[in-house]
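Following: one structure in structure tokens, then a few remarks.
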Amino acid sequence: MKAIKFIFILSIGLTLISCNSSDDTIAVGETPEIVPVDYYEALDLSYGQDSKQTFDIYLPANRTTDTKVIILVHGGGWSSGDKNDMDLFKNLIRQDLPDMAVVNINYRLADENNSPFPMQINDITSIINNLKSMDDELIFSEDYAFIGVSAGAHLSMLWSYGFDSSNNVNMVCSIVGPTNFTDPAYLNSENPALQELIALYGVNPTTAFLEEVSPFHRATINSPPTILFYGGQDPLIPTTQGVAMKTKLDDLNIVNEFTLYPDQGHGWIGLELIDTWTKLKAFTQLHL
């Protein structure tokens with residue numbers, strides 16, 4: 001599965017505010033002056049020994065311990081892709097949601113010797129642990145959202161539904177993400193691309209294992225609000241993946257939104273992309 005590359009022309013102006021702390025002594029009874037926190041970014045921070053175990057972090061100026069964190073997870077069929085593929089979303093967030101922090105992640109890629117699970121879920125856990133170790137010094141909250149595309153959407157949902165033991169995830173977004181590997185549309189498909197995807201999780205995997213790695217089967221009444229986007233002509237993600245996930249979340253009374261673009265495939269541009277971001281931005285502002 002190729003990583004999704006949305007094409008969109010943006011004009012983004014970012015003002016980085018630099019403020020110096022004051023050494024003035026505060027008299028008893030006076031209200032201390034609030035000193036704004038500087039804008040901060042750090043690229044390719046390492047969280048493991050593999051070259052792919054890195055992430056970028058962008059922290060807004062004037063942030064507080066209530067500043068929410070949006071984590072971006074790229075696609076690529078679990079075996080390819082890079083955090084740079086999520087630059088569009090990174091830039092949109094910094095433009096339209098400037099009070100939120102952004103973390104854009106890489107994770108170890110699967111191959112014939114390394115299955116996606118649990119390796120990539122373990123990487124996300126390591127990233128969350130790293131963020132928690134940094135938030136006091138760099139000043140941001142432990143309230144997270146995930147925005148994932150394709151395989152990254154699958155990982156975002158799977159971690160949020162099955163591995164967020166501290167309930168830190170306030171919302172998750174899936175853009176064309178696989179949700180259920182026991183779906184007959186997958187198991188009975190003769191599409192070589194779909195068969196290749198399933199093969200990454202092992203030859204003839206058991207139904208129990210496929211359920212374990214499927215967000216559809218890991219969702220519970222405690223799952224976070226979820227927003228879903230799918231294309232009706234997607235050759236890699238059957239429409240049933242999104243429709244069934246929406247139905248499952250409804251059955252669990254989990255707040256969710258679902259959008260199907262009937263004429264779109266595994267990604268889109270133009271008016272549909274504008275619609276996606278408009279809905280995602282509003283959902284994020286409401287739930288994060």
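Points worth noting:
- Solvent exposure of the stretch 142-288 amounts to 40 Å² per residue of accessible area, where only protein heavy atoms count and the probe is 1.4 Å.
- Split the accessible area of the chain by element, probe 1.4 Å, and carbon with sulfur accounts for 49%.
- In this structure, the amide hydrogen of GLU257, modeled 1.01 Å from its nitrogen in the peptide plane, lies closer than 5 angstrom to those of THR226, ILE227, LEU228, counting only residues at least 5 positions away or on a different chain.
- Here the sum of -39500 (n - 2.57) over DSSP H runs of 4 or more residues, divided by the residues of the chain, equals -10500 deg cm²/dmol at 222 nm, to the nearest 500.
- Amide H within-cut-off set for MET171, under 5 Å, with H built and near neighbours excluded: PHE146
- Only one of [x] 1.00; [y] 1.17; [z] 1.03 was calculated from the structure for Rg/Rh (Cα atoms, Kirkwood Rh), and its label is [x].
- Cα-based Rg of the stretch 197-277 normalised by 2.2 N^0.38 Å, two decimals: 1.23
- Low-density loop cleavage sites - GluC sites (Glu not before Pro) in the stretch 169-235, where at most 12 other Cβ are within 10 Å (DSSP): GLU190
- The chain: Lys pairs at Cα distance under 17 angstrom, eight or more positions apart or on different chains: 10
- Percent RCO, i.e. relative contact order, over the chain, from Cα pairs under 8 Å lying at least 6 residues apart: 17 percent
- Inter-site label distance for SER126 and GLN233 at 7 Å from Cα along Cβ, in nm: 4.1 nm
- Between helix 116-138 and the chain: long-axis angle, C-alpha atoms, 0 to 90°, nearest 10: 10 degrees
The values are calculated or read from the model by the stated rules, or taken from the named source; none is laboratory data. If you're wondering where the values come from, they're calculated on a predicted model, not measured in any experiment. Positions of Cβ are backbone-derived with ideal geometry, glycine not excepted, and every protein chain shown enters the neighbour counts. SASA here: full protein model, heavy atoms, side chains in, ligands and nucleic acids out. Shrake-Rupley method; radii C 1.70, N 1.55, O 1.52, S 1.80 Å.
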